[in-house]
Structures are given as C-alpha cells and as structure tokens.
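Everything on this sheet refers to the single structure shown next.
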Amino acid sequence: MSVMVSSFDARRTRTSEKYTAFPPDVLPMFVAEMDVALAEPVREALVRAVTDGDTGYVGHHRALPDAFADFAADRWDWRVDPDLVRTTTDVSVAAVETLRRVIAPGDQVVVMPPVYAPFWDYVTEAGGSVTEVPLLPPDGPADPFDTTAGWRMDLDGVARAFADGARTVLLCNPHNPLGLVHGSEALVALARLAAEWDAVVVSDEIHAPLVHADAVFTPFLRCCPEAAEVGVALTSASKAFNLAGTKCALMVGASERARTWFDGMPTEVVERTGILGYTASVAAFTEGGPWLASLLAELAANRRLLAEELDAALPGVGYRQPQASYLAWLDLRASGWGDDPAAVLLESAKVALSRGLDFGRQGAGHVRLNFGCSAETLREGLARMATVR
C-alpha cells in the first residue's frame, strides 16, 4: 500500500504552505510537509470529531500522554510517566515555553548549526542569547551510499560554552537538516556535562518516529540517569503523520525538576492545544503503526533513489543518506552557484528547495531537499535540476 500522492494531485485540493507558496509551475520540495494521504485511523478520528461537533477547547484527560507512553515503550523501550507529559500547540511553542522556565533573561543557550532555522528565534523569544557550537563535519568526501552519521556533536565545544556561562542546550535529535541520529554515547556524554555544570538540555525529538531501519534512536531522557534529571523532551505526531496544521505537541519530563517547570507554565500553554490535533495524535500513536511502516519503506526507497541518481542530475553534489526523516542535505558548493544555490534552482529549474543559509553560516552553498513525495515527483525534481548547468 502506497501512502504517497503526487505533488501535482495534492496541489488540486490542498491549501497549505507547501502547495501555495510558489506559482503552479514550481515543484515544491522545500517545507517539511509530505505528499501523503492521511493514515486511515487518523482520518476517521478527525471525521468523527467534526461530525460530532467535537471542536471545542481541549479537555483535561490523559488519553494522549497514555498513548504516547505506549508508543514510546513499544518503539524505543522508553518508559514515559504520563503524569510528566504536557501538551501545547506545537513544538515551537513547547521549545519557547520550556526555555522560559529554565533560563533567566540574557542567559546563553547552545545551538548546534547547521540546524533547524527557528532555533535561533526560539532562544531570543524566550529571552536568551544564542551560543553556537557547530556540529563537527564528516571526515572526507560524502559517500551517497553511506548511511552512517558522519557528523557529530562537538562535546569539547559544549564544555567550553558551559565554562563561558551557558547553562542550556537546545538539542535537535534527530538533527534537522542532516538527518543525524545522535548516538547514545554522545548523548550520555552531553547529559553528564550538563549535570556537571548544572545545565539543562531541551531535546527536540519531533523526527524520532521517522528514524530509518539502519539507525537506532535513543531518547535523550532514557540515555542515562543524569539525562532524566537535566532534560526535557519535545515531540509530536505532526512530522511523522503529516499533521502540522492540527496543532498539538508534547513536553515530556522525567524528574520532579521537570514537573516544577511544567507546573510553573501559564495555564494557557496547555489550553492552546488544538483539540483536533489532540484527537489526531491519539489515533496516530495508538493505531497508526501500519501506515507509518509503509511510509518509512517508501522514504527509504526515495533515500536510495537519491543516492543512485542525484549525481547525474547535479554533478559533484555532496550527499549522505540521512538516518532519519525525509530531508536531504545537499552540498552544492562544487556547482559554482554561490552561497544560495536554492535561488538558482528556483529560477532556472522551477524547483523550490530550502536555503542552506537558513540553517546557519555552515549552510552556505547547500540546500535541503524534501523527498517525502512520490517517486514520480522526486524523479521530476531531479530531471528539472539536471537542466541547470
């Protein structure tokens, strides 16, 4: 069973950003939204809610914390305490509101570029200042058939940041845009550093359900006892099940310290959870497994297709198959298209990709490509890009 649809078919009926941000002749392969049909249990749950008029304020019950706890136990052997789970609008809000509880105005927060562009905004919105500790790049040229991470955390850099006064890390695991799944040893080392310096790690794990079969995801809070004491995890069904517009995310703790942070948040943080997002998330975590397995199989095939055909379309491109998600980080510095090759490809190939520079200075000469689409759409994108010389 295929869960993918054509970008061209989706554009006929969908009004979200992916299908309306550019003119109809542009192939949208930028924003992290997939060309998929909804999982049937999710669709049925949403239709039922709308039919029943269940569209009011979100209720106070444990359906979603319990559903996520079961999902985490089954998928990652992670024992989540549902009493230490809170919901809110989305992971962006979860990040900002958590940072507001754990930092003082002006405090330094470590981010690890190249990383999801809004991370800088989360920190400043919460009242902090960004301290960049870039990831260490792979040794040697990229091998498109290599699915090992290559990239790694600069733990010495984090230690220096802590020595200079930083007391919080905003972690991305799995890491967007690289598809990097941080190894358990690195996570343990980070947790122990944080414990040594009385620092906090806020771990954005929204891409965790999309880890591919040749990688192993370790939830930060599960990696060691120190992590449980210093960390908060942020997640959602939205990325894996294509539910971003329904607005629901989870903040997960594993300590009384985290409970204090959550209880100190304004009531409205939880009240802003979208009831349709809540309903969809429960259905996704409890009944969406078969659909997710089909999705991951199709994404793995597209990931491989890129490895096989990308260099013919973009000679000299640097690409490593991501360990997670449906986002490919492409190094186009050999193309001669300057710091912003996405602009060249939009103008000359009518393909919309994400600008590498949006993910930090390290993104100069790079683009992020969304392969959460049909193989037909992916091949169309490659064919268009191949015309640019």
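Let me spell out the model: positive unit charges on the Cβ of Lys and Arg, negative unit charges on the Cβ of Asp and Glu, origin at the Cα centre of the chain. What dipole size does that give, in debye rounded to 20?
I would put it at about 540 debye.
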query = Where nothing but the Cβ of Lys and Arg (+1) and of Asp and Glu (-1) is charged, how large is the charge dipole of the range 62-131 around its Cα centre, in debye to the nearest 20?
reply = 120
inquiry  = How much length would be gained if the chain were fully extended between ARG257 and SER184, taking 0.36 nm per residue of separation minus their Cα-Cα distance, in nm to one decimal?
reply    = 24.0 nm
task = Consider the candidate values (i) 5, 22, 28, 20, 13, 8, 4, 1, 0; (ii) 5, 21, 29, 24, 13, 4, 2, 1, 0; (iii) 5, 24, 33, 26, 11, 1; state which one is P(r) over Cα pairs in 10 Å bins from 0, in percent computed from the structure displayed.
result = (iii)
Distance-filtered residues of the range 295-318 - backbone nitrogen under 18 Å, label point 7 angstrom along PHE145 Cα→Cβ = 300-313, 316-318
inquiry  = Show me the ranking of peptides 115-126, 303-314 by mean Cβ neighbours inside 10 Å, starting with the highest.
reply    = 115-126, 303-314
note = With the label point 7 Å along the Cα-to-beta-carbon line of ALA73 and a cut-off under 20 Å to each amide N, the hits in the range 270-289 are 281-289
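Rounded to the nearest 5, what is the percent of antiparallel bridges among the DSSP beta bridges in the chain?
Once the DSSP bridges in the chain are tallied, antiparallel ones form about 55 percent.
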request  = Go through PRO23, TRP78, ALA37 and say which Cα lies farthest out towards the positive end of the charge dipole of the range 21-79; charges sit on Cβ, +1 for Lys and Arg, -1 for Asp and Glu.
outcome  = TRP78
task = Return the carbon/sulfur percentage of the accessible area of the chain, one whole number, probe 1.4 Å, all protein chains in place.
result = 51
key: Fluctuation leader among VAL230, VAL317, VAL91 - the chain, Gaussian network, Cα springs under 10 angstrom   = VAL317
key: Accessible-area value, GLU229, 1.4 Å probe, nucleic acids and ligands omitted, Å²   = 100
inquiry  = Place a point 7 Å from Cα of THR51 in the direction of its Cβ. Which residues in the range 11-31 have their backbone N less than 19 Å from it?
reply    = none
ask   = What is the P(r) of the range 1-138, as percent of Cα-Cα pairs per 10 Å bin from 0?
value = 9, 21, 32, 30, 8, 0
query = Add -39500 (n - 2.57) for each DSSP H run of 4 or more in the chain, then divide by its residues: what number comes out at 222 nm, to the nearest 500 deg cm²/dmol?
reply = -12000 deg cm²/dmol
remark   = Heavy-atom accessible area of HIS182, protein chains in place, probe 1.4 angstrom, given in Å² to nearest 10, is 10
key: Simple spin-label estimate for VAL31 and ALA104 in nanometres, 7 Å along Cα-Cβ   = 4.0
message = Could you work out the relative contact order of the range 206-276? I mean the mean sequence separation of Cα pairs under 8 Å and 6+ apart, divided by the number of residues, in percent.
response = 28
remark   = accessible surface per residue for the chain, probe 1.4 Å, DNA/RNA/ligands not counted, whole Å² -> 40
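The values are calculated or read from the model by the stated rules, or taken from the named source; none is laboratory data. Everything numeric in this text was worked out from a predicted model, so none of it was measured. Glycine gets a Cβ as well: all are built from the backbone with ideal geometry, and neighbour counts include every protein chain shown. Quick note on the areas: whole protein, heavy atoms, side chains included, nothing else; ligands and nucleic acids left out. Shrake-Rupley method; radii C 1.70, N 1.55, O 1.52, S 1.80 Å.
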